[in-house]
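Here is the structure we will look at, set down as structure tokens.
The numbers here are math on the coordinates, done by the rules we state, and not lab data. Note that the coordinates shown come from a computational prediction; the quantities given were computed from them, not determined experimentally.
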Amino acid sequence: MESARKALPKRYNLRQETVVSVVRVTCYFRHLKTVFQKAGIEVTSENRQEVDLLIHGIIGAEYKDCPATWREVKKRMVEDEEGFVSKLRAEWKKRV
């Protein structure tokens with residue numbers, strides 16, 4: 001680990017990049033707590049990535065493109081929140 005740090009430019013912080021990568025996966029989840037409740041989904045650290053993949057699939061966004069995903073989710077929620085919740089609920093139940 002120390003040798004990897006030495007090989008990186010000084011302004012690069014390996015620890016921060018790792019944290020950013022983890023956060024990027026679900027950067028919009030904090031805004032969807034009520035949506036998850038309505039859909040009957042309890043988001044845990046174990047299923048967080050699966051839920052994220054599911055949402056990306058529903059809206060047709062490239063995986064890990066958090067800003068584009070959040071923009072599309074907001075758009076769909078404004079247009080038809082219940083429809084989005086229903087689709088999320090149905091897709092979540094299919095996977096079981």
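Among the listed pairs Lys64/Lys94; Lys33/Lys74; Lys38/Lys93; Lys64/Lys93; Lys38/Lys74, those with a Cα-Cα distance over 18 Å are Lys64/Lys94; Lys64/Lys93.
Our coupling estimate for the stretch 77-82, obtained by passing each phi through the Karplus curve with A = 6.51, B = -1.76, C = 1.60 and θ = phi - 60°, is 5, 5, 5, 6, 4, 5 Hz, Gly and Pro reported as x. Computed 3J(HN,Hα) for the stretch 43-51, one whole-Hz value per residue from the Karplus formula 6.51 cos²θ - 1.76 cosθ + 1.60 where θ = phi - 60°, is 7, 10, 5, 6, 10, 4, 5, 4, 5, glycine and proline marked x.
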